[in-house]
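Take a look at the structure set out below.
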Amino acid sequence: MATAVVARPVARPQPRARDEEVLVWPDLVFIEFISALVFTLALFALSLLVNAPLLDQANADVTPNPSKAPWYLLNLQELLLHMQPALAGVIVPTVWLVIMAAFPYFDQDNEGQGVWFGTENSVRLTVVSAIVAVVGTWLLILWDTGKIAMAMNDWFGISGGRTFAFLENVRALQSQLPWPEWSHRIPYLWFDLKILDEGYTGLGATSFHYLDLPGFLVEQAIPIAAMVGLPSLLIYALWKIGWVNTRRDAIIVLFTGFVAVFGVLTVTGTAFRGAGQELVWPWQLDVQEGIPGEGH
Amino acid sequence: MAVEQPARPTLADKIYDKLFHNYIWKSIFRTGYPNTPRNQMLIVATNVFLHLHPTRIHRTHVKITHTYCLGGLSFFMFLGLTVTGILLMFYYVPSVDRAYLDIQNIQTNVQFGQLMRNMHRWMAHAMVILVFLHMMRVFYTGAYKPPREFNWVVGVILLVLTFLLSFTGYLLPWDQLAFWAITVGTNIAGSAPILGPKTRFWLLGGFEVGQESLIRFYTLHVIGLPLLAAIFMAVHFWRIRRDGGLARPL
Ligand code: HEM
């Protein structure tokens, strides 16, 4: 028997509840058929009404402004505007996929399985994390694009002047503070470690020798601290008030936060980023075809 | 007391009889409509398309509001994309000189060509959305818990494959939208530490989006990735059966 192979205490399938079962034909096959039909008709209608886009032929010399990735990657493109490219474009999504794939190994309790929001508090955890993540992400985007400082100035006449200019957005921490010369070149290895790549940008191999502290803070440390810290803080706060009690509760907060942030970033990247990736209203979006020769 | 006589066959009965009780029909479908529970189970177990299913499933799982059919619809999109994709392949040559013109040709000269292209495009978007929603449904019903850990992991792989399938298809029309989206997208990959530039070079087959990139994306899009996705879907469906059907409360 195949089951003889299972030596470790891995969870086995539940025994069947035969008297609770219905026949797949007709009960399930019917539903599948109807939903397939509905989708076919809906997509058919959509295809009759709306044509797939086709712009001018590809031309490497004419860069549209803005150039955008497919919509489901615009979340990453949005992230790219706020931190180091490798972090935003590769490390964050990879780490997140690994974390998500590890969910079931972290939360192995069968409580609440197989029903929508089966555990206590799960609905309010979902609602609260979604709201916090949506509002929080928007605030961060508005702050980092300098819109908050602008609004304070324009609407309330509050301005920090030059003294507080470094609080305007993340970048300003780097450019508006009097960083001493040495902070841009702090050696952390006693030799210059160069690793493989030739670099398509022509910058040469990645070199590990000096640390540019302000750059590191702005492009890596602060974004990482925000991405790890804010969700942790939320989980901690919800634990303090007694809403998060189990691992399931914690990952409900995490997963909901992810879905919400993913949504906000995708919408922002799609509908609120105009020429030069400026933050604009959706009705101000217009793609400028580039001028030949002024590529990239 | 008159014995009740069987009603005389109506015209509909006669047509039905002619259509479905003839030699050719019976050679294809050996049995008629399965109208007893026993035959209904047999048909599900023995029909090549239906046998992905168990013959009976738990009452709660046929409620629309449990799954919203999202996994099934993701799979249905995959099938639809295969059909429309094959039709598009008849007219499309992945060469930088022809690709764009072929798409224009599909839209203007090919019977139902525009419709096929539209269907393919909208189904692709629908699939990305449906797979994401399916993942949310699985999460919020706690259906990744033991013994379904591994099937959740297979799911995450399928999610990535779905994105990649869509991404590779995006380049094929070879218009400005395609070209620059893929330039931006592969630049994102190229920014990875250490391996990024190599990865980007390997994806594009060069330093810029060009003929080599087009043929790579095309090959991955029409055979490499669909094959992988089909394999992982087979595992995914098989595991659902092995894990004892869909998750339900203990
Ligand atoms: C191409 C993509 C996918 C296809 C075609 C697919 C298909 C299916 C189907 C048909 C089911 C049966 C129940 C239902 O319809 O909900 C199912 C269940 C399941 N799927 Fe997927 N799926 C895909 C992606 C994913 C993803 C992205 C995840 C999670 C990350 C996932 C995790 C699961 C799990 C854990 C189950 C078992 C659910 C339960 O026991 O209630 N799948 N899938």
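Couple of notes before you dig in:
- Residue within the stretch A:21-33 that is open to solvent by less than 70 Å² (accessible area, probe 1.4 Å), under 30 Å from residue B:104 (Cβ atoms), more than 16 Å from the ligand (Cβ to nearest atom) and over 27 Å from the mean Cα position of the chain (by Cα) present: no
- Residues satisfying the criterion are present in the stretch A:139-162 (criterion: in a helix (DSSP H, G or I), under 20 Å from residue A:255 (Cβ atoms) and not aromatic (Phe, Trp, Tyr)).
- Selected residue (criterion: modelled with the highest pLDDT) from residues of the stretch B:26-51 that are within 15 Å of residue A:27 (Cα to Cα) and either among the β-branched types (Val, Ile, Thr) or within 11 Å of the ligand (Cβ to nearest atom) (or both): B:36
- Selected residue (criterion: surrounded by the most Cβ atoms within 10 Å (Cβ to Cβ)) from residues of the stretch B:79-113 that are among the charged types (D, E, K, R) and more than 15 Å from residue B:169 (Cβ to Cβ): B:98
- Hey, residue A:144 open to solvent by less than 70 Å² (accessible area, probe 1.4 Å) and more than 10 Å from chain B (Cβ to nearest Cβ) or not: yes
- The single condition among (1) closer than 30 Å to residue A:119 by Cα; (2) over 17 Å from the mean Cα position of the chain (by Cα) that residue B:208 does not satisfy is (1).
- Extreme residue, nearest to the other protein chains (Cβ to nearest Cβ), among residues of the stretch B:14-67 that are open to solvent by 90 Å² or more (accessible area, probe 1.4 Å) and polar (S, T, N, Q): B:35
- In summary, residue B:94 fulfils each of the numbered conditions (1) within 12 Å of the ligand (Cβ to nearest atom); (2) touching a residue at least 60 places away in the same chain (Cβ under 8 Å) with the single exception of condition (1).
Table: residues versus (1) within 10 Å of the ligand (Cβ to nearest atom); (2) basic (Lys, Arg); (3) within 9 Å of chain A (Cβ to nearest Cβ).
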position: B:102; (1), (2), (3): no, no, no
position: B:117; (1), (2), (3): no, yes, yes
position: B:120; (1), (2), (3): no, no, yes
position: B:124; (1), (2), (3): no, no, no
position: B:135; (1), (2), (3): yes, no, yes
position: B:138; (1), (2), (3): yes, no, no
position: B:144; (1), (2), (3): yes, no, yes
position: B:152; (1), (2), (3): yes, no, yes
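- Scanning the stretch B:227-245 for residues that are touching a helix residue (DSSP H, G or I) at 6+ places or on another chain (Cβ under 7 Å) and more than 9 Å from chain A (Cβ to nearest Cβ) turns up B:228, B:229, B:232, B:233, B:235, B:236, B:237, B:239, B:240.
- Criterion violated by residue B:185 - all others in (1) near the ligand (Cβ under 10 Å from one of its atoms); (2) more than 18 Å from residue B:77 (Cβ to Cβ); (3) not charged (D, E, K, R) satisfied: (1)
- Of the helices (runs of 4 or more DSSP H) lying entirely inside the stretch B:1-98, those containing at least 3 residues that are of a type in the set (Gly, Ala, Ser) are B:70-89.
- Whether a residue is within 21 Å of residue B:166 (Cβ to Cβ), charged (D, E, K, R) and over 24 Å from the mean Cα position of the chain (by Cα) was assessed, and residue B:102 passes this test.
- Test: residue in the stretch A:88-105 that is at the interface with chain B (Cβ under 7 Å from one of its Cβ atoms) and either among the basic types (Lys, Arg) or not in a helix (DSSP H, G or I) (or both): no
- The residue pairs whose first member lies in the stretch A:115-139 and is within 14 Å of chain B (Cβ to nearest Cβ) and in contact (Cβ under 8 Å) with a residue 12 or more places away in the chain, whose second member is acidic (Asp, Glu) and open to solvent by less than 70 Å² (accessible area, probe 1.4 Å), and whose beta carbons are closer than 8 Å, counting only pairs six or more residues apart or on different chains, are A:119/A:249; A:121/A:249; A:122/A:249; A:125/A:249.
- Checked against the criterion of being more than 17 Å from residue A:72 (Cβ to Cβ), of a type in the set (Gly, Ala, Ser) and either in contact (Cβ under 8 Å) with a residue 24 or more places away in the chain or in contact with a strand residue (DSSP E or B) (Cβ under 9 Å, 6 or more places away or on another chain) (or both), the candidates B:206, B:224, B:210, B:190 yield just one match: B:210.
- Residues satisfying the stated conditions in the stretch A:230-249, i.e. in a helix (DSSP H, G or I), free of Cβ contacts under 8 Å to residues at least 60 places away in the same chain and hydrophobic (A, V, I, L, M, F, W, C): A:233, A:235, A:237, A:239
- Tabulated pairs, the stretch B:227-250, first over 23 Å from residue A:119 (Cβ atoms) and more than 7 Å from the ligand (Cβ to nearest atom), second outside any helix (DSSP H, G or I) and open to solvent by 50 Å² or more (accessible area, probe 1.4 Å), C-beta under 9 angstrom, 6+ apart or interchain: B:242/A:13
The values are calculated or read from the model by the stated rules, or taken from the named source; none is laboratory data. All values derive from a computational prediction rather than experimental measurement. For neighbour counting, all protein chains shown are included, and Cβ atoms are generated from backbone atoms with ideal geometry for every residue, glycine included. Just the protein is used for accessible areas: all its heavy atoms, side chains included, with ligands, DNA and RNA removed. Shrake-Rupley method; radii C 1.70, N 1.55, O 1.52, S 1.80 Å.
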